[in-house]
1. Show me, for region 59-74, the HN-Hα J-couplings you get by feeding each phi into the Karplus relation (A = 6.51, B = -1.76, C = 1.60, θ = phi - 60°), rounded to Hz, glycine and proline as x.
2. Once amide H atoms are placed 1.01 Å from N in the peptide plane, what residues at a sequence separation of 5 or more from residue 275, or on another chain, have their amide H within under 5 Å of its amide H?
Amino acid sequence: MTDTAAPPDTGPSPEQPGFEALAGAVDEALARVTALDDDARGPALALKDAVEAFHRDGLVTIVRTLKNDPAGRELLFGLVDDPHVRALFTLHGIIRADPATRALEALETVRPYLQSHGGDVELVRIEGGIGFVRLHGACSGCSMSAVTLTEMVAEALIEGVEEISAVEVLDDEPTAAFIPLEGLGRIDSGWVRGPFVAELTGDRPHRWEVDGECYILVNHGGRVAAFRNECVHQGRSLDGGMLEDGVLTCPWHGFTFDVGSGECLSAPGAQLEQIPLRIDDARVWVRAN
Ligand code: FES
């Protein structure tokens, strides 16, 4: 006998507003609270923070419980693919937004200043630890103000996005201009010379100790990245791990990582600590500490 029952409707019912409507209502209420005078706004925002902390605590318990069970972990990965669940986890800091979203947020912090000086910036892509941007108006060119605005963009991206350790400016010219990190005032020291890129071969990361700190260097198709030699799971060293198709597998319990970004593929939101790196004269340099 064939089951002809209709599948359950999991979408919002007429009585149950959808995610966008709920998010819109929250935004609207928050805008009203923000517009209150100081005496009323303080307690209202404190209530909001307390409710969020309460929800976050429960969500963290749910995520931890699911992560500790193989079937639960699979369920969790499926849930994180749902844009609504993802937005909820991101809101509560349980997972981080992807690097491109964080880069756009970082650029928003400098955009008003750029625009007030007749310039603007556009994120083109993030690849191999480099943020590629295109500059417009007063930001492009070689004038002092253009250089200052460009450095401001580079600082915002490097500071705001762990996965970005250098910024490359693309323009309408056929060549691209590279902003060396050492040109930025706040990071004018601390670079340490490492091995030649040509030495970074094989299917294991290259272990490198500098001043008591331990790093790994990985070379995936000519894209080199440096990370602290600590797995996000139990902090054990990763240098004995296997590299395959751009994925590093921890030798201890098998957590996997994208070698370009350091993003943990086994635990949503976890991330290896990426170390700023540049290539000079075919050698690797990292900014230790
Ligand atoms: S230390 Fe457990 S997976 Fe890396």
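Throughout, read-outs are computed from the coordinates displayed, never taken from laboratory work. All values reported here derive from a predicted model rather than from experimental measurement.
1. 5, 4, 4, 4, 5, 4, 4, 5, 5, 7, 10, x, 5, x, 5, 4
2. 226, 227, 228
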